[in-house]
Amino acid sequence: MSSLYESMTGALREHWKTHNNAYPQRFELTASAHAALVENRELVVKSMNYSNRSALGEDFLGVPIVVSDAGNVMVAVDGSVVPLG
């Protein structure tokens, strides 16, 4: 999971640089990648005793997450697709 998390964070950081801080349209993750991401994020929230546990699987740093068979990608603000990892 950490590799996916790092890929998503890196892609988002590069997107902001390239697109004047605009957010991408969405992240698309396979069902298994999405499940692993949610599981690990829940573990962090639980172990750090955070009170807000809502929407862990719905967005990533403000970017919507969609479960898709297309693979693990980020869809940029201009519609281009960036593979993750």
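The values are calculated or read from the model by the stated rules, or taken from the named source; none is laboratory data. Please read these numbers as outputs of a predicted model, since none were measured by experiment. Note that each Cβ is placed from the backbone with ideal geometry, even for glycine, and that neighbours are counted across all protein chains shown. Calculation scope for accessible area: heavy atoms of the full protein, side chains included, ligands and nucleic acids excluded. Shrake-Rupley method; radii C 1.70, N 1.55, O 1.52, S 1.80 Å.
Looking at N72, N49, can you tell me which residue is out of contact with any Ser or Thr (no Cβ under 8 Å at 6 or more places or on another chain), open to solvent by 30 Å² or more (accessible area, probe 1.4 Å) and not aliphatic (A, V, I, L, M)?
N49
Collect the residues in the range 43-83 that are over 10 Å from Q25 (Cα atoms), among the acidic types (D, E) and assigned to a loop (DSSP other than H, G, I, E, B), keeping them in residue-number order.
Listed by number, the residues that qualify are E58, D69.
Within the range 40-60, is even one residue of a type in the set (G, A, S) and in contact (Cβ under 8 Å) with a residue 24 or more places away in the chain?
In the first step, residues of the range 40-60 are kept if they are of a type in the set (G, A, S); the result is 47, 51, 54-55, 57.
Of the ones still in play, those that are also in contact (Cβ under 8 Å) with a residue 24 or more places away in the chain are none.
No, that holds for no residue.
Residue by residue through the range 19-39, note down the ones that are open to solvent by 80 Å² or more (accessible area, probe 1.4 Å) and in contact (Cβ under 8 Å) with a residue 12 or more places away in the chain. Give the steps one after another, and end with the answer.
Taking the range 19-39 as the starting set, the residues that turn out to be open to solvent by 80 Å² or more (accessible area, probe 1.4 Å) are 20-21, 23, 25, 32, 39.
Answer for the range 19-39, where residues must be open to solvent by 80 Å² or more (accessible area, probe 1.4 Å) and in contact (Cβ under 8 Å) with a residue 12 or more places away in the chain: Y23, Q25, E39.
Do you know which residues across the range 5-18 are open to solvent by 50 Å² or more (accessible area, probe 1.4 Å) and over 8 Å from the mean Cα position of the chain (by Cα)? Talk me through it step by step, then tell me what you get.
Within the range 5-18, the subset open to solvent by 50 Å² or more (accessible area, probe 1.4 Å) is 5-6, 13-14, 16-18.
Those that are open to solvent by 50 Å² or more (accessible area, probe 1.4 Å) and over 8 Å from the mean Cα position of the chain (by Cα): E6, R13, E14, W16, K17, T18.
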